[in-house]
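Asker: Mind having a look at this structure? Questions to follow.
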Amino acid sequence: MSATFSTPGLAGQFAAIVGPAACITDADGMQPYLTDWRGNYTGRALAVVRPANTAEVANVVKLCAQTQTPIVPQGGNTGMVGGGIPDRQGNALVLSLNRMNRIRHIDIDNNTITAEAGVVLQVLQEAASAAGRLFPLSLAAEGSCTIGGNLSTNAGGTAVLRYGNTRDLTLGLEVVTPAGDVWQGLKGLRKDNTGYDLKHCFIGAEGTLGIITAAVLKLFPRPQSSVTAFVALPSPQAAVELLGALRDAAGDRLVAFELVSRVCLDLVLRHFPGTAEPFADRHAWHVLIELNDTMRNAPLQEMLETELGGALERDLIADAVIAASAAQARALWKLREDISEAQRLEGKNVKHDISVPISRIPAFIEKCDAALMRAFPGISLVCFGHVGDGNLHYNCGLPNKGLSNADRINRIVYDHVDEAGGSISAEHGLGQLKRDEITHHKTKIELDMMRALKRALDPAGIMNPGKVL
């Protein structure tokens, strides 16, 4: 339900820009925009506005700049760190981009797609596929997350090993600045060496420097052949060695290399009835592997069988299942994709989205596991993720204790991340969850430069306050 305004109050002025039906002020109507999907953050807002185009976004931001009204941009509200949720003061405007959901243009010869920020990732993938192309960004929330959110967090997902993060997939942006001006940077150029590459200021900035309203994104040839395997192995060290062997053999045909611990697999088996254990014996660690090629009938299975056979002879792996059909490949991927939901069903947990150099993954897991188990006997360590690019989801659960030990757990994990030369956020961003923590991990000069950029672009500090910095 939306309100109709008869007085020239601030909410009424926003309604005059976007239309009364797109300006929400009642508590029930605003509620879905004020709580994150995990239920960890709930805020208050002056109103929720849903502009339909870039001009409306710009006019809303101009009014916010004039009245010093804080703005919290929001996409699909699927974030993990509270980046799209306002604080409790109730003076902020939530600016939802979910009505800006048009595919503006597909350029087949240039291999690009231009999409508005509110386009759901899966919709963009389908539009690319219908045009005979691939948009490779893929993650668990792709049915509800939006391109604007993906850009704002520099989302990664399962195909970073081959195609890179969202930043690597972006050629141009359209951005509304904190003053309400529109930067038209929607160029589909792969070469433009004319000074500062401004788009990189906004990708990964979580809406703190401006509002991304559209983007030109790279497309790729659609794969015509693929093979998927689920492999059992004794340790993360074996996984890293197998990754190296497959990279040497398959090159950029290697698209995904996902680590899955025994604890993760047990959670999926427990919470998703009908899910089958892939092997006759239980194993401590697993990797999900996918190779693809644009050539029809490419000998991917033969290549993978050869490499896995050699790894078996070297005792690098213990067993392997290669999908014999698309349905079997989907079933193997489901073992990986259902981990997060299975852990949610298990209970509250302390999540970590960390990255370390690939070569240091085994030592990190061994040392951090041991330190946490000493401090918290009985802790459940749910370790999985994109080992091919060094990104681990290293989550910790304590039976019947929820998040009460989160600070102590975080300290142990983050200290080990620092020791390994890693990052406390690989693809989820900082939001409000890690805003203070990041000050312990970046140098003074790094923080000074970040703050200088924030002051230069948003001197009034109205863009997503309380996030990142």
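Each reported figure results from applying straightforward, stated rules to the coordinates on display, with no laboratory input. Being a predicted model, the structure only gives us computed values, none of them experimental. Ideal geometry is used to build each Cβ from the backbone, glycine not excepted, and the neighbour counts take in all protein chains shown.
Asker: So which trypsin sites (Lys or Arg not before Pro) in the range 298-407 end up in coil per DSSP with only 16 or fewer other C-beta atoms within 10 Å? Display every interim value, and only then the final one.
Answerer: Values: sites: R314, R330, K334, R336, R344, K348, K351, R360, K367, R374, K401; in loops: R314, K348, K351, K401.
Passing both the DSSP loop test and the Cβ count: R314, K401.
Asker: Do the sum for the chain: with -39,500 (n - 2.57) for every DSSP H run of n ≥ 4, divided by all residues, what is the mean residue ellipticity at 222 nm, to the nearest 500 deg cm²/dmol?
Answerer: Details: 15 runs with 158 residues, N = 469.
Here the helix-only value at 222 nm equals -10000 deg cm²/dmol.
Asker: Hey, got a sec? Which chymotrypsin sites (Phe, Trp or Tyr not before Pro) in the range 117-211 land in a DSSP loop and have at most 14 other Cβ atoms within 10 Å?
Answerer: Working: sites: Y163, W183, Y196, F202; in loops: Y196.
Answer by residue number: Y196.
Asker: Toward the positive end of the charge dipole of the range 348-428, about the Cα centre and with charges on Cβ (Lys, Arg +1; Asp, Glu -1), which of N391, H416, S359 goes farthest?
Answerer: H416
Asker: Please list, short to long, the whole-number percent of alpha-carbon pairs of the range 225-340 in consecutive 5 angstrom bins beginning at zero.
Answerer: Result returned by the calculation: 2, 12, 24, 25, 20, 11, 5, 1.
Asker: Assuming 0.36 nm per residue, please report the length gained on full extension of the stretch S235 to N400 beyond their Cα-Cα distance. Working shown, then result.
Answerer: Values: separation 165, 0.36 × 165 = 59.40 nm, distance 2.91 nm.
That works out to 56.5 nm of additional length.
Asker: Additional query: Anything over 20 Å Cα to Cα? Flag those among K367/K442; K434/K467; K444/K467, in the order listed. Let's see the in-between values first.
Answerer: On the way: K367/K442 23 Å; K434/K467 9 Å; K444/K467 18 Å.
The pairs that break the limit, which is 20 Å between Cα atoms, are K367/K442.
Asker: Here's another thing I want to ask about it. Only bridges with both residues in the range 313-469 count here: give the DSSP antiparallel percent, nearest 5.
Answerer: Values: 12 of 13 bridges.
Here the antiparallel bridges make up roughly 90 percent for the range 313-469.
Asker: Do any trypsin sites (Lys or Arg not before Pro) in the range 129-209 lie in a loop, going by DSSP, with at most 10 other beta-carbon atoms within 10 Å of their beta carbon, and if so which? List each step's numbers first, then the result.
Answerer: On the way: sites: R133, R162, R167, K187, R190, K191, K199; in loops: K187, R190, K191.
Here the trypsin sites (Lys or Arg not before Pro) that fit, given the DSSP loop and packing criteria, are R190, K191.
Asker: Under the classification rounded if a/c is under 1.5, otherwise prolate if a/b is larger than b/c and oblate if not, where does the range 184-239 fall, given a ≥ b ≥ c as square roots of the Cα gyration tensor eigenvalues?
Answerer: On the way: a/c = 2.89, a/b = 1.90, b/c = 1.52.
Prolate, since a/c reaches 1.5 and a/b exceeds b/c.
Asker: Can you tell which of A280, M373, M450 lies farthest toward the positive end of the dipole of the chain, using +1 and -1 charges on the Cβ of basic and acidic side chains (Lys, Arg; Asp, Glu)?
Answerer: The listed residue farthest towards the positive side: M450.
Asker: If each residue of separation counts as 0.36 nm, what is the full-extension length gain between E305 and D28 once their alpha-carbon separation is subtracted? Don't jump to the answer; show the numbers that get you there.
Answerer: Values: separation 277, 0.36 × 277 = 99.72 nm, distance 5.58 nm.
Between E305 and D28, full extension yields 94.1 nm more.
Asker: While we're looking at this one, here's another question. Determine the dipole magnitude for the range 225-340: charges of +1 sit on the beta-carbon of Lys and Arg, -1 on that of Asp and Glu, nothing else is charged, the reference point is the Cα centre, and the result goes in debye to the nearest 20. Write down the numbers at each step before the final one.
Answerer: Details: 10 positive and 17 negative charges, 71 e Å.
I would put it at about 340 debye.
Asker: Take R408 and N297, extend 7 Å from each Cα along the Cα→Cβ direction, and tell me the distance between the two endpoints in nm.
Answerer: 6.3 nm
Asker: Let me ask something additional. Can you tell me the dipole magnitude for the chain around its Cα centre, using point charges on the Cβ only (Lys, Arg +1; Asp, Glu -1), in Debye to the nearest 20? It would help to have the intermediate numbers written out before the result.
Answerer: Numbers: 44 positive and 49 negative charges, 233 e Å.
It works out to roughly 1120 debye.
Asker: Moving to a separate point now. Using a Förster distance of 35 angstrom, determine the FRET efficiency expected from the C-beta separation of S144 and A375, and round it to 0.05. Working shown, then result.
Answerer: On the way: r = 36 Å, r/R0 = 1.03.
Given R0 = 35 Å and the Cβ-Cβ separation, E is 0.45.
Asker: Calculate the tail of P(r) for the range 10-96: the fraction of all Cα-Cα distances greater than 15 Å, expressed in %.
Answerer: Numbers: 1966 of 3741 pairs.
Summing the P(r) of the range 10-96 above 15 Å gives 53 percent of all pairs.
Asker: Given R₀ = 60 Å, FRET efficiency for F279-Q66 by Cβ-Cβ distance, to 0.05? Numbers along the way, then the final one.
Answerer: Working: r = 63 Å, r/R0 = 1.06.
The value I calculate is 0.40.
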